[in-house]
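Chemist: So that we are looking at the same thing, I have put the structure below in structure tokens.
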Amino acid sequence: MLRTIWALDPFEKQKVTDAVAKCASQWATITESLEPVYVLSPSEISLHMLESQEWLPQYEPAAKKALSAITKKLKLRGLKPAVILRDFKESLRGTVESLNEYARKQHADLILISTHARTGLSRFFIGSFTETLMTKAATSVLCVNPSAKSTPIKRILFSTDLSTQSIGTFPILLKLSKGLKAQIIIYHCIPMPLEPVLQSGVYLLGGGWVPFSNYIKTESTGRGEALKRLVDQAAEFGVKTQFILETKKPGIIDALLKASVKEKADCIALAVESSPVEATLLGSISRQIVRLSSKPVLLLKNKD
């Protein structure tokens, strides 16, 4: 059963809060507790450090009142009283770390968060709380686009690059899927070579040039076997699973989003990388998926 932290902004627009709440309700069957948490910090209310010691406490009563007004209307399984964390760090990273520290203490399995800010505009750009949390989270994160329709989670598209990190998070998804009684569609796209390689019809592999068709055949065979092993692992766990292996797509982001629509997925899942270099790579894939997808995006990560 999931212990979930809901990173809730009490001054957010109601339609955004309602959208996240509806998404949370779709996970109710596997939810043990859902705890709204607001980090009251200078970075959230645009205070300078010298002002924060004096003025930050003045915002707390308003935040408590707003949180109370929101939560008393909600009827969600395992909903706990809202918590306010007072934090004096000016940076978003510091604020995120305060949330992460609380999540660790509560042994949380998941952090639930919206991709939009209280302005009603998409403040989901580099430097935002949500985007910082994506790369620094202590546990898995479920990102919800407020404009998306909330549907029962019955089909989950799991995008994997077949790296050790990605495969290592698959057991987390299996547990969630089994509780939700959801099917998993494992998706993998073989990276396409650069255009000059395609035009020449040859590819450098193992120190020598080989025909491009041989490269595709070899890669498809090896990766297909890896995907089959994941399907077998899921079958042993009692989760219905299939895989999709694509080789002729212009880009992984576009291909993945199209696959999520074609397969009628209710949620997209992928692993969160944790090293500085991996976090940079995350920016080119996961951030774009979260920004562009109308479906909830589950970023899987083993607990720190």
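Chemist: Given labels modelled 7 Å from the Cα in the Cβ direction, how far is it in nm from residue 261 to residue 64?
Modeler: Between residue 261 and residue 64, the label points sit 4.8 nm apart.
Chemist: I need the calculated FRET efficiency for the pair residue 178 and residue 72, taking r as the beta carbon distance and R₀ as 35 Å, to the nearest 0.05.
Modeler: Calculated value: 0.60.
Chemist: In what order do 93, 229 fall by count of nearby beta-carbon atoms within 10 Å, going from fewest to most?
Modeler: So the ranking, lowest neighbour count to highest, is 229, 93.
Chemist: Continuing with the same structure: Using θ = phi - 60° and the Karplus form 6.51 cos²θ - 1.76 cosθ + 1.60, what ³J(HN,Hα) does each residue of segment 138-155 get, whole Hz, x for Gly and Pro?
Modeler: 3J(HN,Hα) across segment 138-155, in whole Hz: 7, 8, 5, 10, 10, 9, 10, 7, x, 7, 7, 7, 8, 10, x, 7, 10, 9.
Chemist: So for each of 150-157, 68-75, 292-299 I average, over its residues, the number of other beta carbons within 10 Å; can you give me the resulting order with the highest mean first?
Modeler: Sorting 150-157, 68-75, 292-299 by mean packing, highest first, produces 292-299, 150-157, 68-75.
A short reminder: the numbers here are calculations on the coordinates, not readings from a lab. Please read these numbers as outputs of a predicted model, since none were measured by experiment. When we count neighbours, we look across all protein chains shown, and the Cβ atoms used for this are built from the backbone with ideal geometry, even at glycine.
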